[in-house]
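Notes to accompany the following structure.
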Amino acid sequence: MSELPKLIGIDEVAEVFEKSIESIRKYKNYGILKVADKVGNKDLFDRDDVVAKKQVVKDMQVRQGLSLSQIADQLESMILEASAGPEKILIVEDEEATRETWTEFFENAGYGVLQAGDGQTALELARTEHPSIVLLDLRLPVLDGYQVCQRLKSDPTTSQIPIIMITAFLTGADDTVRGIEYGADDYLNKPVDLDVLAARVKMVLRRVVR
């Protein structure tokens, strides 16, 4: 049985966003924040949804300079994109030949595929493209796989994306524990059998609530 969402009032939403209640009312009126339930005349919001949207809305306002109507449109597009089309796999692997082989395999299996050859690119793609799952090598330039995993799992906008760590070096108990602590959902050692990898992808996607 799935856990019921925690509902909070508009005053608590204002605290999460660090904004005035009037600003939150504007977000609600534009559809940026949706009312999940009502008690009398009191609007209640899903706290997880509020927390997840806080950084996204801030980024759109401050970095991109979008208006509230533009933010609402972009959020709606993100929701529609996530609910339509093939599931997207982000392959994070510094060896180009391996990336291309895995990409061809998963595209032939009906997935959409994104590629990153370093940790920083992986973070940027995960935050903008919202893949269904990340296949994450640990030995990467710029940021290693542990750093990528830790940052994705600590960011509300990407924390629910499942991650399968894949490496030639994940052989000891300490490595496994470290991966678990950073939030990895599964592990595979290289060399990888692609049929086994595909089975793991399906298994993780089935058990993770998106």
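The values are calculated or read from the model by the stated rules, or taken from the named source; none is laboratory data. Keep in mind that this is a model prediction, so the values were computed, not measured. Neighbour counts run over all protein chains shown; Cβ positions are idealised from the backbone, glycine included.
Observations on the structure shown:
- Some residue of region 155-176 being in contact with a Lys or Arg (Cβ under 8 Å, 6 or more places away or on another chain), buried (at least 16 other Cβ atoms within 10 Å of the Cβ) and modelled with pLDDT of 90 or more: yes
- Within region 17-43, the residues that satisfy the criterion of being free of Cβ contacts under 8 Å to residues at least 40 places away in the same chain, closer than 22 Å to GLN70 by Cβ and of a type in the set (A, V, I, L, M) are ILE24, LEU33, VAL35.
- ASP118 falls short on exactly one of the conditions (1) farther than 28 Å from ASP49 by Cβ; (2) among the charged types (D, E, K, R); (3) at pLDDT below 90, and that condition is (3).
- Selection within region 122-139 - buried (at least 23 other Cβ atoms within 10 Å of the Cβ) and either of a type in the set (Asp, Glu) or modelled with pLDDT under 90 (or both): ASP137, LEU138
- Residue in region 139-157 that is outside any helix (DSSP H, G or I), acidic (Asp, Glu) and farther than 19 Å from ALA184 by Cα present: no
- Given (1) surrounded by 18 or more Cβ atoms within 10 Å (Cβ to Cβ); (2) in a helix (DSSP H, G or I); (3) not β-branched (Val, Ile, Thr), number of the condition ASP11 does not satisfy: (1)
- Region 38-67 - residue that is hydrophobic (A, V, I, L, M, F, W, C) and farther than 22 Å from ILE8 by Cα and, of those, nearest to the chain's Cα centre (by Cα): MET60
- Residue check, ASP193 buried (at least 18 other Cβ atoms within 10 Å of the Cβ), among the acidic types (Asp, Glu), within 19 Å of GLU96 (Cα to Cα) and modelled with pLDDT of 85 or more: no
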